[in-house]
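Read through the structure below, which is laid out as structure tokens, and then see the notes.
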Amino acid sequence: MGYGSGGGGPPVGLQFNVTSCPAPFIDASLFPPTGGDISARFCAAPAPGLICCLPCPISDWVFSDKFAHQASSANYVGILTLILNSILLLTYVVLPEEKSHRHYLSIGLTLSLILLSIAFIIPLGTKPDECFNEITPDNMHTDMSCAWTGALFSLGFMGAVVWILLRSIWTALRIVFDFKRTELFKWVSISLGVGLPILFLVIVMPVAGVSYRLYNVCIPNGQAAFNSWFIWLLLFSALSTVILILTILYCLWKFALSALAKGRGGGAGFGHVSSTSQDTTSSTGMAAPGSKPTVRAVRRKKRVEWARIKRVLYLQWRTILLAFVVLNETIFFGLVFVQQTAAIEQSSRGITASDAEWGLCLIETGGDMNACLPLSGGLGLSEPRVVATLLLAATLGIIVFLLMLRSSMFTGWYELMRNPRQLLKLFNPRRPSVGSQDFIMQGSPKHISLNIPLGSEEIERPLQSPNTQTRHALGLDQSVSGRGEHDLEEAKLHDEESLDEKGLRHEDKVLV
């Protein structure tokens, strides 16, 4: 047996002496050579000038009776996925940012998963026939349901992979490079997150097309789809995982340096400050020109850096887990895709001995598919693997929802239900008039004293860290001439460590 309208000849050692197609096979000459996915026909040439095809859909013949029931569960899982991700998207829109932890990377991923879930829901309403005629599956040109499910599946799956890749890149930039140009990355990410899935959709639809190959959700098919869509899907998934693995290795390296900084008491490992330099600093309070930082300052700097990395890494554990989940699903989907493509390539070379044996079984049993099922081999496809692939694709949105869920979201919805007026503030952000306010707070007077010149009040004072302000209030500040350069550096690092313990940058907190 083989795919395609032409089929292939019988293998060596097998002879057929027929002039018409025996049941359950159907003569391909009875149907036009156009319409539907001709390449998805399962046909063979048992004799010269005779082409016999298996009735459509092929899944009814190569899989068990349980396949349709098990595969349809993916459609119903899609409903749950749509509901959960719609709630998550509504949470991002309605609740304040400190409660919802909304982030453009999370919103883009949620929208992609909504599109993917809709692809599984559409067949529940359209109930597609899947077949253009008795031997030919439908494709996007002959069935509108196929066109929509295939487009949404391709767009949603690719979008989810691209947004997770962008989250991985963001995590690496923040941890490894302490990247601060967040506005630039935001617009680049939005452009790529929206543009790349649309670009691949525009390429794969006319080049490869989509058709019914596995079940009632159309997918890209053929070698052209492998080159123009799936190989990029696998590449983006693998790249996001590799980036996160390298980021984790970087964190382990920084952890080792931090541990060494804590464990070493001498100055040989870090900074190596000579005894002469130390004596000069301690006796005069001033650092020698060109001297290196003290061992204590270097150790503290490494601890501060590790504390920052550890906190960012802790906040990004969801991104790390998401990348591994998507990579696993992509590889799983890839196995089915590659097996299907390999079966098509194999069929173009002619009928194999196993295909011929299975075909003879169908003829002898009068089309009893269950009796011949052990010989079919699923056309190179594993039935449990196909079902698992459909379920994994449908449940991806549920997994993401559970990872995105935060306890503060429940608190935010509870507070919103108790005080619905907060919702009005969202859609009516106008500031209240003075008369509507309960209290009118009078600010402090502009001039502290009439004796102080006006210009002196406008002198800008440098910002101080909390620790610096405390030392100034207690009278503990020393002049620069009375403190060594190394002491100032250690004090600055101490301030940074204290500030770092209080929290991270805003964009690190909201990205889950």
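Please work out which residue is farthest from the chain's Cα centre (by Cα), limiting yourself to segment 369-423 and to residues that are modelled with pLDDT of 85 or more and charged (D, E, K, R).
Among them, the one singled out is R418.
Answer yes or no as to whether L82 is within 30 Å of K186 (Cα to Cα) and in contact (Cβ under 8 Å) with a residue 40 or more places away in the chain.
yes
How many of the residues in segment 174-190 are aliphatic (A, V, I, L, M) and more than 17 Å from the chain's Cα centre (by Cα)?
Selection size over segment 174-190: 3.
For segment 62-79, indicate whether the set of residues that are among the charged types (D, E, K, R), surrounded by fewer than 18 Cβ atoms within 10 Å (Cβ to Cβ) and in contact (Cβ under 8 Å) with a residue 60 or more places away in the chain is non-empty.
Scanning segment 62-79 turns up at least one residue that is among the charged types (D, E, K, R), surrounded by fewer than 18 Cβ atoms within 10 Å (Cβ to Cβ) and in contact (Cβ under 8 Å) with a residue 60 or more places away in the chain.
Would you point out the residue of segment 155-175, among those that are among the aliphatic types (A, V, I, L, M) and farther than 22 Å from L199 by Cα, that is modelled with the lowest pLDDT? Reasoning before the result, please.
Quick first cut of segment 155-175, residues among the aliphatic types (A, V, I, L, M) only: 155, 158, 160-162, 164-166, 169, 172-173, 175.
The next check asks that each one be farther than 22 Å from L199 by Cα; those that pass are 172-173, 175.
Working: A172: 89, L173: 90, I175: 82.
Restricting to residues being among the aliphatic types (A, V, I, L, M) and farther than 22 Å from L199 by Cα, the top hit is I175.
Kindly indicate the residue of segment 220-249 that is hydrophobic (A, V, I, L, M, F, W, C) and within 17 Å of I38 (Cβ to Cβ) and also surrounded by the fewest Cβ atoms within 10 Å (Cβ to Cβ) among those meeting that condition.
Ranking the qualifying residues of segment 220-249, first place goes to A224.
Here is a check on your reading of the model: is D178 closer than 24 Å to L233 by Cβ, of a type in the set (D, E), modelled with pLDDT under 95 and in the same structural domain as F236 (by TED's automatic domain parsing)?
no
Is it true that some residue in segment 196-207 is modelled with pLDDT of 90 or more, surrounded by 19 or more Cβ atoms within 10 Å (Cβ to Cβ), touching a Cys at 6+ places or on another chain (Cβ under 9 Å) and of a type outside the set (F, W, Y)?
No.
Against the conditions (1) free of Cβ contacts under 8 Å to residues at least 24 places away in the same chain; (2) crowded, with 17+ Cβ neighbours inside 10 Å, where does T389 fall short? Just the number, please.
(1)
The values are calculated or read from the model by the stated rules, or taken from the named source; none is laboratory data. Source: prediction; values computed, not measured. Glycine gets a Cβ as well: all are built from the backbone with ideal geometry, and neighbour counts include every protein chain shown.
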